[in-house]
Each structure stands twice: as C-alpha cells, then as structure tokens.
Amino acid sequence: MVPPTEPIKIDKPKLLLVSDELKLSKQQKTDLCDACYDVTLIHNTIDCLKFVTNKPVDHFSIIILKAKMPLLDGYTICERIRAH
C-alpha cells in the first residue's frame, strides 16, 4: 500500500506592479496571477516607496514600474529602491 502524499507547496514569485492606470493594471494583475505570480498592486508612487522600504530587500522577485507617473517617474522610484 502506497502512503498518501501531501501536495507539494511551491511559493509563487512575488511581483510588485506599480501603475497609475487603474483599469489596465487590475487586468494586468489578473493576468499575472493566472500566470502563477503573487502580485501586489500599488497605484501611487509615494505609497510604493513607503511599502517597499518596509520590506526586506529580496521580498519581491520582480518589480514592474510604469515609466511616466505623477509625483515620481518609474526611473526615480527604481533609483530610490536600489539605494534602499
């Protein structure tokens, strides 16, 4: 008799999606979740910086930033995240 096996738990890669386009980014989040990513969606650049700086450096496998956003652009956010 073969003993029952427990399902293997595989952690999904954590992805941070930062975009000020609400409708499009919600669809992107759905698509990325369907592709087996654990997606965090943030719509504000200042909130993004606060959120990321409170996480360990290796918390996210991938960060996707929109280049042109109000307040701070994606390039500036990237530089500040790297400096963290």
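Here, each number is a calculation from the coordinates, and none is a lab measurement. Just so you know, these numbers come straight off a predicted model, no measurement behind them. For neighbour counting, all protein chains shown are included, and Cβ atoms are generated from backbone atoms with ideal geometry for every residue, glycine included.
Numbers below:
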quantity	calculated
Lys, Arg +1 and Asp, Glu -1 on Cβ, resulting dipole of segment 14-83 about Cα centre, debye, nearest 20	120 debye
Where trypsin sites (Lys or Arg not before Pro) fall in DSSP loop in the chain, at most 12 other Cβ within 10 Å	Lys9, Lys68
Environment charge of Asp73, counting only residues whose C-beta is closer than 13 Å and scoring Lys/Arg +1, Asp/Glu -1	+1
Long-range Cα-Cα pairs in the chain (distance over 18 Å), rounded percent	47 percent
Vicinal HN-Hα couplings computed from phi for segment 75-84 (Karplus, 6.51 cos²θ - 1.76 cosθ + 1.60; Hz; Gly/Pro x)	5, 5, 4, 4, 4, 6, 5, 5, 6, 6
Cα-Cα pairs of segment 42-82 separated by more than 13 Å (percent)	48 percent
